[in-house]
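**Student:** Input: one structure, supplied below.
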Amino acid sequence: MIPAPPDGASLCPKGTCNFQSQEGCATAQSCSPHYNATSDKVEPTCSPTGTLTKGQKCTGTTATCARGMVCADGVCAKVCCGGDYTACDPGESCFRHSTQFMTASGSVIDYNEGLGTCAPVGDCALLDPDSCAADPKHPVCRIVDATGAVACVQNGDRKLGEACDGEHQCGRGEHCAGYMKADGSTSLATTCVRLCRYGSCNSKPGCPDGEGPCVHFLRDPEGIGECTAGWKGPGQEVDVPGDAGLTDASPTGSP
């Protein structure tokens with residue numbers, strides 16, 4: 001089964017208001033990141049609601065965007081927290097993260113405490129290495145949530161077989177995946193695995209020797225699988241009685 005989405009509102013940075021639910025602010029206000037010079041921190045604060053809508057160009061100050069939006073990469077985007085894709089409009093998901101914040105003076109400070117923004121999905125092809133070539137800031141097509149949505153994102157710093165997580169992602173044609181053992185015991189750590197074409201014999205790209213069969217999980221888009229070493233699920237004979245191989249369970253790590 002596809003796991004339940006994260007409870008985004010509970011994962012937002014704590015403050016006087018909530019970025020995702022907008023709780024704590026009057027209807028004429030919007031919960032926005034605010035730089036507190038006294039504490040030298042960015043805090044959720046109620047600010048006057050702007051007039052710019054989703055996708056319109058903005059100046060970098062959150063007050064210019066409408067309620068529930070922030071200015072990210074020069075355009076107004078809907079706020080979400082903790083990867084909660086249900087907070088986004090159809091055709092979008094919560095996979096962009098606000099890692100830096102521009103103050104009114106123009107200085108930039110680090111900020112990455114669960115605040116994210118919704119961005120379009122379904123605009124690239126996982127197995128095409130040039131699918132995101134037109135977007136130099138986001139050159140890699142990747143699965144971005146548990147529903148199998150794909151989008152152009154930043155390149156990762158982890159290679160095939162290396163440990164990965166939400167902050168340390170994989171490169172082109174790979175996915176950060178973890179699996180439960182078939183006996184329901186401890187899960188295996190998330191690592192970068194190769195993506196493959198799934199659905200017909202001799203599909204290419206396939207899985208090289210030693211990387212296991214091409215297995216389609218619920219988190220994968222149609223026609224896409226993952227090279228899964230040690231797989232003992234459907235399509236593979238369990239050759240040792242009681243052997244606890246890998247099972248088709250929900251991923252344990254971030255997409």
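**Student:** Based on other C-beta atoms within 10 Å, arrange Glu222, Glu211 from fewest to most.
**Tutor:** Lowest to highest Cβ neighbour count: Glu222, Glu211.
**Student:** Further, regarding this structure: Between Lys204 and Asp73, what's the calculated FRET efficiency when r is the beta-carbon distance and R0 is 45 Å? Round to 0.05.
**Tutor:** 0.80
**Student:** Search the structure for amide H atoms under 5 Å from the amide H of Ser93, placed 1.01 Å from N in the peptide plane, and list their residues when 5 or more places away or on another chain.
**Tutor:** Ala119, Val121
**Student:** Now, a different point. For Ile109 and Asn155, calculate 0.36 nm times their separation in residues minus their Cα-Cα distance, and state this gained length in nm to one decimal.
**Tutor:** On the way: separation 46, 0.36 × 46 = 16.56 nm, distance 2.21 nm.
Full extension of this stretch gives 14.4 nm more.
**Student:** While we're on this one: Pull up all non-local amide H partners of Val215: gap of 5 or more, or a different chain, and H-to-H distance under 5 Å with H placed in the peptide plane.
**Tutor:** Glu226, Cys227, Thr228
**Student:** If you stretched the chain out fully between Gln100 and Thr51, how much longer would it get, using 0.36 nm times the residue separation minus the C-alpha to C-alpha distance?
**Tutor:** Details: separation 49, 0.36 × 49 = 17.64 nm, distance 2.32 nm.
Taking 0.36 nm per residue and subtracting the Cα distance, the gain is 15.3 nm.
**Student:** While we're looking at this one, here's another question. Past 31 Å, Cα to Cα, is the threshold; run Lys137/Lys159; Lys57/Lys159; Lys14/Lys57; Lys137/Lys204; Lys54/Lys159; Lys54/Lys204 against it and keep the listed order. Could the numbers behind the result be given before it?
**Tutor:** Working: Lys137/Lys159 19 Å; Lys57/Lys159 36 Å; Lys14/Lys57 28 Å; Lys137/Lys204 28 Å; Lys54/Lys159 35 Å; Lys54/Lys204 39 Å.
In this structure, Lys57/Lys159; Lys54/Lys159; Lys54/Lys204 lie more than 31 Å apart at Cα.
**Student:** Further question on the same structure: Just add up the charged neighbours of Ala151: K/R +1, D/E -1, any other residue whose Cβ is under 11 Å from the Cβ of Ala151.
**Tutor:** Local charge sum for Ala151: -2.
**Student:** Let me ask you something else. Which length gain, in nm to one decimal place, applies between Glu222 and Lys14 when the Cα-Cα distance is subtracted from 0.36 nm times their residue separation?
**Tutor:** Separation in residues times 0.36 nm, less the Cα-Cα distance, equals 71.1 nm.
**Student:** Here's a follow-up. Applying the Karplus parametrisation 6.51 cos²θ - 1.76 cosθ + 1.60 with θ = phi - 60° to the phi angles of region 67-73, what ³J(HN,Hα) value in whole Hz is obtained for each residue in order, glycine and proline being reported as x?
**Tutor:** Ordered by residue, 3J(HN,Hα) equals 4, x, 10, 10, 8, 10, 6 Hz.
**Student:** What net charge is computed for the residues neighbouring Gln20, neighbours being all others with C-beta under 11 Å from the C-beta of Gln20, Lys and Arg scored +1, Asp and Glu -1?
**Tutor:** On the way: positive: Lys78; negative: Asp7, Glu23, Asp84.
Around Gln20, the surrounding residues sum to -2.
**Student:** May I pose another question? Taking the Cα centre of region 8-120 as origin, sum charge times position over the Cβ atoms of Lys and Arg (+1) and Asp and Glu (-1), and report the length of that vector in debye to the nearest 20. Intermediate values should be presented prior to the final figure.
**Tutor:** Details: 7 positive and 9 negative charges, 46 e Å.
Once rounded to the nearest 20, the dipole reads 220 debye.
**Student:** At what distance in nm do the modelled label points of Leu127 and Glu23 sit from each other, each positioned 7 Å from its Cα along Cα→Cβ?
**Tutor:** The answer from the label model is 4.5 nm.
**Student:** Now, a different point. Report, by chain and number, residues whose modeled amide H sits under 5 Å from the one on Thr45, excluding near sequence neighbours (fewer than 5 apart, same chain).
**Tutor:** Hits under the 5 Å cutoff: Ser32, His34.
Just so you know, all these numbers are worked out from the coordinates, no wet-lab data involved. Everything numeric here is computed off the predicted structure, so don't read it as measured data. With ideal geometry, Cβ positions are generated from the backbone for all residues, glycine too; neighbour counts draw on all protein chains shown.
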